[in-house]
Every structure is written in structure tokens, then in C-alpha cells.
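These notes are about the structure you will find just below.
The values are calculated or read from the model by the stated rules, or taken from the named source; none is laboratory data. In this text the structure is predicted, and so the values were computed from the model without any measurement. Note that we place each Cβ from the backbone using ideal geometry, even for glycine, and neighbour counts take in every protein chain shown.
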Amino acid sequence: MTIRLSEKVVPPMPDDRPDGVYVVEPIEYIRSRALPDIPTLQNPEQVQSLLRDTRDSIRSCSPDNLTRLINEVFQDQEETGRVHH
Amino acid sequence: MKWSNICFVTLGTASAVSGWLAFLPLPGDRSMNASQPGMLIHLRPWMAVACLGFAVALVVLRNGRYKRHAKPVTPSPWDGVTMSTMQKVMALRDEAVRSDKLTSVPIFLSMLLQPEKSRTRTVETISLEGRVVVQDVRVEMSLSALEGPWSMGTPASGVRGRLRGATAGPQQPSGEVYAPILTCLKREMVDNFEVRDRDGGSLDILCYEETIQLISSSLHFLIKLALRETHGGSSVTADRIDRAVVSFLMPICGRMSPKASATAIHKGLAYIGIGDDDLSDNVMWLKEFLATLDQAFPIVVVIPHTMDSQRLQISYRRTMVPPNKSRQARHRLRLTLGLRPVTMQMAPGMAHNSKVYHLQIKAPESQYLMEQTLRCTDCGSKLSNSEIETDGSQTCSHVKLSQEAEPYFQLLSKRGQNYAHLYMRGFTGMDWKKIRFTSSFGEVPPGTLASAVVTAATSLFLIGAVALAEARGLPRTSDVPALLLALPAVAASWFGFSSDNEAVLRSSLAARCSLLLGGLTSLAACALFILTRTVDHTQSIDSVTLMDNEMRWWGWVGLAYLAGVNFGYVLIQLIIRSGAYRRLLRKESVVNDNTVI
């Protein structure tokens with residue numbers, strides 16, 4: 001069943017923050033749309049496999065290599081002239 | 001001494017000297033005026049103008065100095081993002097692997113990105129009873145509602161046993177679950193924050209470093225998840241993934257401008273070969289995770305392995321003084337008279353994060369609910385249960401689209417109470433930004449309006465009586481009428497500006513205008529009585545007649561007319577508002593038939 005909006009004329013709300021009105025926004029971040037479920041995360045084997053991959057990947061990175069990568073990322077950002085450090 | 005202080009002192013001295021020359025007698029003035037002819041150019045008017053000019057310049061400079069000091073400091077677009085910071089953050093990611101936090105990543109992501117699945121009820125209360133607005137929020141959560149291999153399972157199995165899929169791995173977890181229960185916007189602050197389980201026990205909250213451990217490891221997990229679905233994802237090297245993690249963590253850990261933040265995220269996605277047009281589900285989770293943590297930061301609670309209850313209750317409080325825009329003349333007048341807005345507008349956004357949502361807006365006892373609406377912000381239309389969601393067309397027609405989710409709301413009917421109550425259910429999949437709840441409050445009659453009526457009636461009676469006595473030429477034998485005429489002005493200052501001072505809602509505009517007009521009218525009548533007393537022909541002959549009889553007559557007529565209009569206006573206001581309030585009290589139905597008033 002679909003019901004259309006009635007033709008009754010109602011005064012419009014001209015602004016999100018109109019004059020003379022207290023406007024209280026939520027303190028929490030609200031997502032505009034709900035996210036769909038991911039089939040991978042419903043499968044125990046795939047979740048375990050992902051966790052294992054993640055763990056191995058993080059462990060494989062040495063501190064020296066990580067410092068080099070961070071330096072490269074900052075240099076990459078500096079090339080665009082946006083980093084101030 | 002600063003140049004600005006020297007400037008202020010100079011201007012002040014110049015203004016004082018020119019004021020002295022303009023308004024006060026100089027030594028020898030009297031003898032000069034008697035012995036010498038009049039000057040061609042009179043100095044005093046020019047000194048008065050100079051005094052005024054210096055005073056205005058002083059005020060403008062002083063005000064400009066305050067404005068300059070009050071200007072907010074613009075932060076750097078990459079504030080707080082340094083190499084040493086990122087090295088520490090990446091070290092925390094390694095720490096997350098050494099501890100058992102990585103095993104909690106799936107449930108952490110689910111609760112962060114799909115909070116509506118675990119939140120059963122949210123009760124939000126806005127109190128307008130004090131000098132500031134107080135927002136109290138209570139959220140009830142059921143962790144058993146989560147689906148997936150990492151769900152909480154049955155109570156009997158315990159938390160350790162409930163992490164069926166997530167606990168498998170080379171490292172034995174401690175059984176703690178890290179649940180993000182609130183994702184606060186970064187610019188906001190929370191006070192009186194409490195998290196309790198069903199038995200009322202307090203739960204621990206992760207510190208910043210521990211939360212960063214979870215976030216950084218979750219990012220790595222989400223990148224791995226996204227690359228499984230993208231074309232060529234398996235060929236992305238570990239170095240590129242680490243570069244992407246660093247780039248993503250920059251806006252999360254620092255205070256970056258929106259543009260710099262978007263650039264960092266875009267570069268991070270480019271490192272792992274994900275484009276802006278890639279909208280598969282796995283990639284959407286990664287992008288939504290980044291968008292969320294770019295603007296907000298999660299508060300993560302620790303659920304111990306000993307806890308059998310799967311229900312949590314969190315509560316927090318926020319105290320604020322909302323901005324009060326006033327561009328229209330009416331609202332500026334209200335502010336000038338010491339009034340404040342009487343309307344509260346809220347986006348019921350938490351209805352989209354919870355299965356059931358209650359919103360209560362409480363005004364002081366001296367106020368009652370005058371109007372309440374749920375509207376679409378695009379077209380301003382009032383919404384009813386059959387016309388909630390827009391159909392996506394440009395005309396913004398509202399229809400109920402989904403038959404699966406049944407968005408439903410109900411407003412408590414107006415019955416003279418001092419609060420509004422909105423109930424919402426099934427709004428979790430809808431576009432939340434389009435709905436605003438507005439409630440307006442008014443002063444419970446008789447209130448300040450009655451004081452204004454009494455003051456206006458007194459003013460009208462006294463001015464009328466004195467005017468009649470003057471018109472008939474009754475002799476004046478005392479100064480009592482002058483004192484009586486000043487009485488309404490005293491009453492106006494007593495009644496009018498001592499009310500509502502402790503409330504953030506101040507709604508008696510008509511009463512305040514009436515009291516102000518009545519007080520000014522009475523003072524004018526008092527002045528007229530005093531200034532025209534010497535026209536009595538029995539008084540001494542050298543007294544100065546300030547007004548002739550005709551002007552005096554029209555003065556009394558004008559004042560009596562103003563007092564009469566003032567009395568009539570405020571009396572009509574009182575009758576109308578009292579009638580409307582009585583009709584609300586006589587209403588029988590508690591819930592609206594059409595849910596919209």
C-alpha cells in the first residue's frame with residue numbers, strides 16, 4: 001500500500017537551524033544507511049583464515065621496514081605539499 | 001605600555017576634555033557673556049560633537065580588540081600527525097597481535113558498523129529545566145542479538161566459549177570481549193559516562209592506546225577482507241598494505257582538516273588498488289570504517305569472561321548551551337528583552353541505531369507543551385505513519401516503502417504537561433537526516449501574563465484618573481499622584497524581569513513587552529504631571545510654563561490611549577492562552593489518533 005502525501009498546505013521549515021530555535025544534534029556518529037551483512041564474516045573458517053592472515057601480515061613487518069614505510073608515506077604526502085611536520 | 005593602551009588613554013582623555021568644554025561652565029564664562037558681544041562661532045556644539053566622536057572611536061577600538069582576541073585559532077590541516085606519532089601507532093598494532101585483541105576484531109567491527117543489531121532500546125532525555133540544556137542518554141544492549149561465528153552465543157556457554165570462531169589461533173585469548181558501545185563525534189565531550197551490566201555492575205573502558213590497538217588491527221583485517229573481493233587483490237604486497245594502514249591512521253589519530261583527511265584516505269585506497277567506484281560489500285565496510293573514525297572515536301568497553309549476562313546498559317550525560325541564531329527582528333527583540341527560544345529542534349538520529357527509541361524533552365514546571373511535530377527537513381512537511389520515507393524522487397513525496405521494516409512512531413498527546421515524548425521503532429534502515437522533531441513550549445497561564453495584566457490595569461486606572469482630574473482642573477494639593485503614577489513602573493521592573501531567570505526557556509514575550517510599555521507609559525505620565533504642575537494659575541508668577549494647556553491635554557490623551565491599548569492587548573493574550581491551556585487539560589485521549597499534532 002502506498003499513500004501519497006496529503007495536499008494540505010503546511011508551513012515549510014526553511015533551514016536546518018532556523019532562527020530562535022535550540023538545535024540539539026546527537027553526540028553519536030549516525031550512519032546515513034545501514035550496512036549490509038558480509039557473507040565472509042558469517043563463515044567461521046573464513047573468519048579464522050582472515051584473522052590468521054592478518055596476524056601473519058602484521059608480524060612479518062619488521063620495525064626498520066615499518067619506519068621506512070612511514071617515511072615513504074610522509075614523503076608521498078609532502079610531494080603534494082600537504083604535510084607540515 | 002602597548003600602543004593600543006596609549007590609544008585608549010588618549011581617546012578617553014580627549015573625550016573627557018571635549019565633554020568638559022561642551023557641557024560644563026568654564027571659569028569667567030558669566031563675566032564674558034555679560035561684558036562681550038556674542039561669538040560668531042559657538043565652541044560648545046563643536047566640542048559636543050568632538051566628545052561624541054572620541055567616545056565612539058574609543059568604543060569601536062575597544063570592541064575591535066575584543067573581537068580580535070576572540071577569533072579562534074585555525075589549526076594546521078595536519079595537526080598532530082607526525083612521524084613519531086605514526087611509529088607509536090604502528091607499534092600499538094604489533095602490541096594488539098601480541099595480546100589477544102585481534103581475536104575481538106570481528107565483534108568490534110560488527111558493533112561499530114552495525115550498532116542497530118545490538119541496541120535494543122535507547123532512551124534520550126533532554127532537560128530544559130536549568131540554565132543549560134542537559135542531555136541524558138541510556139542505551140540498553142543485547143550482545144546475544146549479534147549474528148555470526150563471533151557472536152556471543154548462549155549464556156550458559158560463557159564468554160570464552162561464545163567466541164567460537166574468533167578464539168581459534170595460535171595464541172590463547174584471555175576471553176575478554178572488546179565492545180564499542182558508543183561512537184562519539186570528535187568535537188564532542190561526554191561527562192558522567194557510565195557503563196553497567198544487567199546486574200548494575202560497572203564495566204571497564206579501554207584507554208586511548210588500547211583502543212588504537214584495536215583500530216589499527218581492525219584496519220589491517222578490513223583491508224585483507226576487502227582485497228579478497230577486489231580484482232587483483234591477492235597481488236597487493238604487504239608493504240603496500242602497511243602503507244595504506246599508515247595513511248588511513250593519519251586522520252584517525254590526528255586532527256586533520258576535512259580536505260587533508262580525504263586526501264589521506266584516497267591515497268591509502270590507491271596503495272591497495274581500490275578505487276572510488278568500488279562499492280562491493282567488503283570494500284564498503286572498509287570505507288565506512290574509515291568514514292566513521294574520521295569523524296568519531298569509539299568508546300570501547302571490556303566485557304570480562306566472568307560475566308554471564310549478555311545485556312548491558314550504558315548511560316551518559318552531556319551539558320551544553322546550544323547556539324541561538326537570531327537574524328530576524330523578532331528574535332533579536334526577544335534576546336534584547338532577556339528572553340530565550342521556546343522551541344527545541346532535534347534530529348532523532350539515535351532511532352536509526354536502535355530497535356526502539358524514546359525521546360523525552362522536559363521543560364520547567366512553569367511551561368507546558370504547546371506544539372510538537374515530526375517533519376521532513378527537505379520539504380517541511382509533517383509526517384504521519386503512512387508517509388515517513390521519501391520515495392527518492394525529486395518532488396520529496398513521502399511514502400512508506402518497505403514492508404519488511406515497519407517504521408512507526410507515536411507522539412504523546414498534548415494535555416498540558418511540561419514534556420514531549422516521541423516513540424520510534426523500525427527506523428534502522430532509513431535516511432535519518434531527513435527527519436526533525438520540533439517541540440515548542442509556552443508559559444502556563446496565568447504566569448507572567450497575569451502580572452502584566454494587573455500592571456497594565458493599574459497603569460490605565462491611574463493615568464485615566466489623573467488625566468480626568470487634570471481635564472476638570474481640580475486643584476493639586478499634594479505630590480501623591482506623581483508617586484502613584486510611578487507605581488506601575490516599579491511593578492513592571494519587579495514582576496517582569498525577575499521571572500524565568502533560571503530557565504533556558506523564557507517564553508513571556510507578550511508579557512514583557514506589556515510590562516515594558518506599561519512602565520514607560522507610567523513614567524511618562526509621572527513626568528508629564530510634574531512638568532506641567534506650574535501651569536496652575538495660583539502658583540507664583542515667575543515659574544516657567546513648560547507646556548501649554550493644549551499640549552498637556554493631548555499628552556494625557558495619548559498616554560491614556562497607550563495604557564488602554566496595552567491593557568487590551570495583554571488581556572486578550574491572557575484570555576486566549578488560558579482558553580487554549582484549559583482545552584488541553586480537558587482532552588480525554590492520551591495518544592493522538594493520527595500521531596501528529
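A few notes on this one:
- A:D15 being more than 25 Å from the chain's Cα centre (by Cα) and at pLDDT 80 or above: no
- Pairs where the first residue, in the stretch A:27-39, is more than 7 Å from chain B (Cβ to nearest Cβ) and the second is in a helix (DSSP H, G or I) and among the charged types (D, E, K, R), C-beta under 6 Å, 6+ apart: none
- Some residue of the stretch B:121-133 being over 30 Å from B:P341 (Cβ atoms), buried (at least 17 other Cβ atoms within 10 Å of the Cβ) and at pLDDT below 85: no
- Scanning the stretch A:29-39 for residues that are within 16 Å of B:V105 (Cα to Cα) and crowded, with 17+ Cβ neighbours inside 10 Å yields a total of 1.
- If you go through the stretch B:328-365 and keep only what is among the basic types (K, R) and not in a strand (DSSP E or B), you end up with B:R330, B:R332, B:R334, B:R340, B:K355.
- With respect to the stated conditions, B:I215 is closer than 30 Å to B:T122 by Cα, crowded, with 17+ Cβ neighbours inside 10 Å and among the hydrophobic types (A, V, I, L, M, F, W, C).
- Selection within the stretch B:237-251 - under 18 Å from A:P63 (Cβ atoms) and at the interface with chain A (Cβ under 8 Å from one of its Cβ atoms): B:A238, B:D239, B:I241, B:D242, B:R243, B:V246
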